[in-house]
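The values are calculated or read from the model by the stated rules, or taken from the named source; none is laboratory data. Quick caveat, the model's predicted, so the values are computed rather than measured. Here Cβ is always computed from backbone atoms with ideal geometry, including for glycine, and neighbour counts include all displayed protein chains.
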Amino acid sequence: MGVMNNSLPDIGPVRAVDSAIGWGRKSSIWPMTFGIACCAIEMMAVYAATFDLDRFGAGVPRATPRQSDLIIVPGTVNAKMAVRVRRLYDQMAEPRYVIAMGACVCGGGPYVKWGYNTVKGVHKVIPVDIFVPGCPPRPEALMDGILKLREKVSREEVFARRVRTARELDARSI
Amino acid sequence: MDEAALHARLAASGVPGIGALDRSVKDPFVVVEPTSIVPALTWLRDDPACRLEMLHNLTAVERPEAIEVVYHVCSLAHHHALVLKVRCPRPEGGTHETWLPEVPSVAGVHPAANWHEREQWDLLGVRFTGHPDLRRILLPEEWIGHPLRKDYVYPTEHGGIPLELDAVPLYERDPASPPPPSGRVRKAGEPLFQPPAPFSSRPLASGGRTVEPGEAPAGGDGAGAGGGEH
Amino acid sequence: MEALELYAVDDSREVYTEELKLNLGPQHPSTHGVLRVELKMDGEIITGARADIGYLHRCAEKIGENVSYLQFTPYTDRMDYLAACNNELAWSLTVEKLLGVEAPERAQWLRVIVCELNRIASHLIAFGTYGIDMGANTPFFYAFRERELILALLERPSGQRMLYNYVRPGGVAHDIDETWLDDVLRFCDHFEKMWAEYNTLLTHNRIFIGRTANIGVLPKEVAIAFGVTGPSLRASGVRWDLRRDVPYLWPYGELEFDVPVGEGTHGTLGDCWDRYWVRMREMMESIRIIRQACRRVPSGDFMDKNLIKIYKSPIKPGPGEAYLRTENPRGELGFYIVAAGGTSPLRCRARGPSFCNLSVLETLLPGCMIADGVAIIGSLDIVLGEVDR
C-alpha cells in the first residue's frame, strides 16, 4: 500500500490480490452518524432490525468523521449547514465516500424553486459517489445505494496499474 | 369568556390605546397602539378573570399598506384565547432595505416572545425595541436582508456556498478564477422584485417537450418537433 | 518518610480552573438533529448555554406564500417529519376554517386513527433515541420493530412510509381497504404486549432512573411562560391537552381517554423521567383512542365533494385569516394563515411546538453536568424540522 499503489503490472496474481483487498474493503465501510432531516429517520430504519445494515459490514457507525469511511448526507443542506458538511468531509481520511440520500441533496428536492438558502444538491459542496433519490428514499433504496457503493469500492485497483480505454472509463464510472 | 367579554374587560382596564374588536374574520382581533402592547399583555396576563398567561404565537405579517405584528395569547386556566395586533403603517417607498418598523418587545412579559421576536426580526425585519438579544436566529448571522418581505431579492451565493441550481460545484472551480459575483447588487433601473432563476432549459434527451405547470400538454405535436424549444 | 509526605493531600492548595467553551455541534449523535448548543463550562458543570438553530431552515414560510394551499400540504409533512399526519391535519383544519367547510364524518374518524397511529410512531422514536442518548442501544431496535408495523399500516392508505401527504383540506386523500381496520386492531393487541416489554427495558431500570430523575426540572410557571406545550408541559403537572380541552376534531370530544400527567414518581415533578413516562403512557392512551375509533368509522365520503370539484383548479379562499392549533406529539402546532384572495396565502406561519420547547433549554441547562445536558435535550423531544421550518 502507499508507495506501491498502482505501480505493479496488471497481471493475474496482482489482480487477484486486488480483488481480495477489494472484497475486504467493501465489507467494512464504516459510515458516520450524521442526520440532518427526514431522510435521517429512514437511514435510522436501515440501521435498525428490519432492514439491518450490519449484515453488509456497514453497521458500525462512527460519530467522528476522522474514523469513518462513508458519509451519508440525509436531508436538506442549507447555507449554514453546507459549511459544516464541507468541514466534516474535509476531516475524513481518504479513501472516503459520499452517498447523497434523498431528493434534497440530489438536486434541491422540494425546496429547489423557492428556497432562498437551500443548496440545490450537496454535490455543489462535496463530491458525491452515489445519489439515492426519493423523498424519503425507502430503506431498500438506500441499501441498494450502499450495495452499489460496495461494487464501486471492490473494483478499485490498489496495486495494479491498468491503462484503460475511454470506453472502459465511462463504463466504470457508476 | 368569549372575545367580546375579554375585549370589554381590557378596554375597561385603564390601559390606553386599545382599539375596537374587529369581528370581520373568524378569530376576532383587537388592534392596539404600539406603545400600549406591553401594558395590555401584562394586564391580560395578571388579571384573574382573564389569565391569558401563555403567548402562543407571535407573527409579523407584511401587507401592502402596513406591517402587522399579531399576538395570539391563550389561557390554560380558563380555556379562552385572544388575538391582539399592532399595526405599523408603511411610509412612502418603504422597501425591505430601508424600512424596519419598530415595536416594543414583550419579552419581559412573556419569555416565550424572546425567540419569536428574534425570528420575526430575522425573516421580516421588524425591530423589537427593548429585546435583550435581538439577533438572527434561523439564518446565518451575516445574512443580509429579510427574506419574507415581498420585495426580497434571492441571493445567488452566501459566504462562498452556491445557492443556485446551475451553480458550478466548489470542487470543480478553478482556484485562480475570481469567485462568482454576489446576486445582491442591484443595478439602477432593475425592478425590485426578482423571481428566482427558472429551471435551466435543457432539452430532454428523449426529444420530448417539458410542460410548464398550468399549461395543457400539446397533443399530436410529435416528439421530434418539440425537442429544441422549451 | 519524605516519600510518604510527598503524596500527602494538601487541602490548602487551591486549584485554578478556567471556563471552558464547548461546542455541542450540529453533528452530534445525541442532539436529535442539527442543533448546536454553545456551552460555557466549569469543569463538567454547565454554567451557560446558548442554542444556535437554523441549520435546517428550509424556507417553509416563504414557500407557503408561493405555492397553492393544496401544494403546501407536503411541506407541512416535512416540518415535524416524525408526526407527519398531525402536521397535515393542523394545516388542513386551518384551511378548512378559512374556507368554512368541514370534512365528512368518515374522513374525520380516519384522520383520528391515522394521527394517533402517527403519535405512537413518534413516541416510539422518542423512546428509542432516548435510550441511545443514555447509552442503552437495545430499546432503539425494539422501538423500530414496532414502528415498521405502523409504517406498513400507514403505507396502505397513503402510499408513503413516512411523509404521507394523506390528510388534505377537505378530508383524506384516499380511502382505506376493507381489511385495514381489522389490521389496525390486531396491531393494537400486539402493541400492548410490546409496551410491557419496553417497560422492562428502560422505565424501571435503576441506571436510567439515576440518569433522568431530578434532572432538568421544569417548573410549571416557567413552562407556561416559555410557551412549552405537549408532554413536556404535562410532565410538569399541568393537565392540559387540546384534544380534550379544545377539541379541534369533534370525534375527540366523543372518545374516552385519559391525559397522563407527571407525578414526580422517581424524583422531582417535571424532571426528565416524568417527561419520558408521560410519553410512554400517552402511547397506551393512543391505543385506547384507536380501538374506540376503529369501531366507529362510518361509511361515506372520504373527501368533501365540493372541494373535489374545486381542486380541479387551485382553491382561492376569500380575504381573511385563521389560526388553529392542534395537539401534536411534541406540543401544540399552530398555523396562522392570512389569505388575500389569491391561490397562495399572503402569510403562512407555522408555530412549531419544538421551537417553543427548545427555548426553555437555555434555562434548564445551566447548573447540570454535560451528560445530564444530553439527557435534558433528549427528554424535550425536539425535531429540528419543526424548530427551523
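Quick check on this structure: which one of B:GLY145, B:GLY125 is within 11 Å of another protein chain (Cβ to nearest Cβ), touching a residue at least 12 places away in the same chain (Cβ under 8 Å) and either in contact with a strand residue (DSSP E or B) (Cβ under 9 Å, 6 or more places away or on another chain) or surrounded by fewer than 19 Cβ atoms within 10 Å (Cβ to Cβ) (or both)? Outline the logic, then answer.
Details: B:GLY125 fails: within 11 Å of another protein chain (Cβ to nearest Cβ).
Exactly one of B:GLY145, B:GLY125 is within 11 Å of another protein chain (Cβ to nearest Cβ), touching a residue at least 12 places away in the same chain (Cβ under 8 Å) and either in contact with a strand residue (DSSP E or B) (Cβ under 9 Å, 6 or more places away or on another chain) or surrounded by fewer than 19 Cβ atoms within 10 Å (Cβ to Cβ) (or both), namely B:GLY145.
Looking only at residues in segment C:68-82 that are away from chain A (no Cβ under 11 Å) and in a loop (DSSP other than H, G, I, E, B), which one is surrounded by the fewest Cβ atoms within 10 Å (Cβ to Cβ)? Quick ask: steps written out before the conclusion?
Just the residues of segment C:68-82 that are away from chain A (no Cβ under 11 Å), to begin with: C:68-70, C:73, C:76.
Applying the additional criterion that residues be in a loop (DSSP other than H, G, I, E, B) yields C:68-70.
Values: C:SER68: 17, C:TYR69: 26, C:LEU70: 20.
Here the residue is C:SER68.
Picking from A:ALA40, A:ALA45, A:ALA63, A:ALA49, which residue would you name as being touching a Lys or Arg at 6+ places or on another chain (Cβ under 7 Å), closer than 19 Å to C:PHE141 by Cα and facing another protein chain (nearest Cβ under 9 Å)?
On inspection, the qualifying residue turns out to be A:ALA49.
Residue-by-condition table, conditions (1) of a type in the set (Val, Ile, Thr); (2) assigned to a strand (DSSP E or B); (3) more than 10 Å from chain C (Cβ to nearest Cβ):
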site	(1), (2), (3)
B:LEU10	no, no, yes
B:PRO16	no, no, yes
B:LYS26	no, no, no
B:VAL38	yes, no, yes
B:PRO64	no, no, no
B:VAL70	yes, yes, no
B:LEU76	no, no, no
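Restricting attention to segment B:28-48, does a residue exist that is closer than 24 Å to C:PRO353 by Cα and among the basic types (Lys, Arg)?
Checked against the condition, which is being closer than 24 Å to C:PRO353 by Cα and among the basic types (Lys, Arg), segment B:28-48 yields at least one hit.
Quick one: A:THR33 ticks every box in (1) in contact with a Gly (Cβ under 9 Å, 6 or more places away or on another chain); (2) crowded, with 17+ Cβ neighbours inside 10 Å; (3) within 11 Å of chain C (Cβ to nearest Cβ) except a single one, so which number is it?
(1)
Could you please let me know if B:LYS85 is exposed (fewer than 15 other Cβ atoms within 10 Å of the Cβ) and among the basic types (Lys, Arg)?
For B:LYS85, the condition - exposed (fewer than 15 other Cβ atoms within 10 Å of the Cβ) and among the basic types (Lys, Arg) - is not met.
Scan segment B:148-168 for residues that are assigned to a loop (DSSP other than H, G, I, E, B), surrounded by 14 or more Cβ atoms within 10 Å (Cβ to Cβ) and of a type in the set (Val, Ile, Thr) and jot them down.
Within segment B:148-168, B:VAL153, B:THR156 qualify.
How many residues does segment B:78-120 contain that are in contact (Cβ under 8 Å) with a residue 12 or more places away in the chain and either outside any loop (DSSP other than H, G, I, E, B) or at positive phi (or both)?
Residues that pass the stated criteria total 20.
So, B:LEU58, is that one surrounded by 18 or more Cβ atoms within 10 Å (Cβ to Cβ) and in contact with a helix residue (DSSP H, G or I) (Cβ under 6 Å, 6 or more places away or on another chain) or not?
Answer is yes for this residue.
Got a sec? Which of A:VAL128, A:VAL98 is closer than 24 Å to A:GLY57 by Cα and part of a strand (DSSP E or B)?
A:VAL98
So in segment C:150-169, with the set limited to residues that are in a helix (DSSP H, G or I) and either on the phi > 0 side of the Ramachandran plot or surrounded by fewer than 18 Cβ atoms within 10 Å (Cβ to Cβ) (or both), which one is farthest from the other protein chains (Cβ to nearest Cβ)? Outline the logic, then answer.
If we filter segment C:150-169 for residues that are in a helix (DSSP H, G or I), which is where we start, we get C:150-158.
Of the ones still in play, those that are also either on the phi > 0 side of the Ramachandran plot or surrounded by fewer than 18 Cβ atoms within 10 Å (Cβ to Cβ) (or both) are C:152, C:155-156.
On the way: C:ALA152: 10, C:GLU155: 10, C:ARG156: 15 Å.
Applying the filter and picking the extreme gives C:ARG156.
Quick test for you: out of C:ARG111, C:ARG58, pick the one residue that is at the interface with another protein chain (Cβ under 9 Å from one of its Cβ atoms), of a type outside the set (Phe, Trp, Tyr) and touching a helix residue (DSSP H, G or I) at 6+ places or on another chain (Cβ under 9 Å).
Numbers: C:ARG111 fails: at the interface with another protein chain (Cβ under 9 Å from one of its Cβ atoms).
Of the residues listed, the single one that is at the interface with another protein chain (Cβ under 9 Å from one of its Cβ atoms), of a type outside the set (Phe, Trp, Tyr) and touching a helix residue (DSSP H, G or I) at 6+ places or on another chain (Cβ under 9 Å) is C:ARG58.
Does any residue in segment B:33-62 that is closer than 16 Å to B:LEU10 by Cα come within less than 6 Å, Cβ to Cβ, of a residue that is among the small types (Gly, Ala, Ser) six or more places away or on a different chain, and which pairs are these?
B:GLU33/B:GLY17; B:SER36/B:GLY17; B:TRP43/B:SER13; B:ARG51/B:SER75; B:ARG51/B:ALA77; B:LEU52/B:SER75
Any residue at all in segment C:287-296 that's of a type in the set (Val, Ile, Thr), closer than 30 Å to C:SER30 by Cβ, surrounded by fewer than 24 Cβ atoms within 10 Å (Cβ to Cβ) and at pLDDT 90 or above?
Scanning segment C:287-296, I find at least one residue that is of a type in the set (Val, Ile, Thr), closer than 30 Å to C:SER30 by Cβ, surrounded by fewer than 24 Cβ atoms within 10 Å (Cβ to Cβ) and at pLDDT 90 or above, so the answer is yes.
So, C:SER354, is that one within 26 Å of the chain's Cα centre (by Cα) and over 27 Å from C:ALA173 (Cβ atoms) or not?
Answer is no for this residue.
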